[in-house]
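The values are calculated or read from the model by the stated rules, or taken from the named source; none is laboratory data. All values reported here derive from a predicted model rather than from experimental measurement. Methodologically, a virtual Cβ is constructed for each residue, glycine included, from the backbone with ideal geometry; neighbour enumeration extends over all protein chains shown. With ligands, DNA and RNA removed, areas are computed over all heavy atoms of the protein, side chains included. Shrake-Rupley method; radii C 1.70, N 1.55, O 1.52, S 1.80 Å.
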Amino acid sequence: VCQREIDCDRGNGYSWKTTLLRNYCKSKVKQEWLSGKYSNDPSQFSLPEKSMYPMDVNIRGEILEAELER
């Protein structure tokens with residue numbers, strides 16, 4: 001998980017528990033995307049709801065690069 005995101009959450013007043021939960025979920029979704037779990041889905045509508053999570057431009061860039069390499 002990106003340290004910047006954790007620092008931002010803590011700076012915005014989130015508790016350690018909320019910060020952990022928010023970033024754990026983000027990290028899990030990011031790893032699923034990077035591993036190619038959703039690479040062969042025919043459309044955005046076939047993706048499970050849990051596969052979408054607000055991510056910053058750097059994480060989206062990592063995912064795009066991984067997809068382009070596949």
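Per-structure values
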{"read-out": "Long-range Cα-Cα pairs in the chain (distance over 19 Å), rounded percent", "value": "38"}
{"read-out": "Cβ-placed point charges (K, R +1; D, E -1), dipole of the range 3-69 about Cα centre in debye, nearest 20", "value": "380"}
{"read-out": "For Leu34, solvent-accessible area (1.4 Å; no DNA, RNA or ligand), Å²", "value": "50"}
{"read-out": "Tally of Lys pairs whose C-alpha atoms are under 13 Å apart, taken over the range 3-69, 8 or more apart or cross-chain", "value": "5"}
{"read-out": "Accessible surface of the chain [probe 1.4 Å, protein heavy atoms]: carbon and sulfur percent", "value": "57"}
{"read-out": "Å² of accessible area per residue within the chain, as computed with a 1.4 Å probe and no ligands counted", "value": "75"}
{"read-out": "Dipole of the chain [Lys/Arg +1, Asp/Glu -1 at C-beta], most positive-end residue of Tyr24, Ser39, Gly61", "value": "Tyr24"}
{"read-out": "Segment Leu21-Ser46, extension gain: residue separation times 0.36 nm, minus the distance between their alpha carbons", "value": "6.5 nm"}
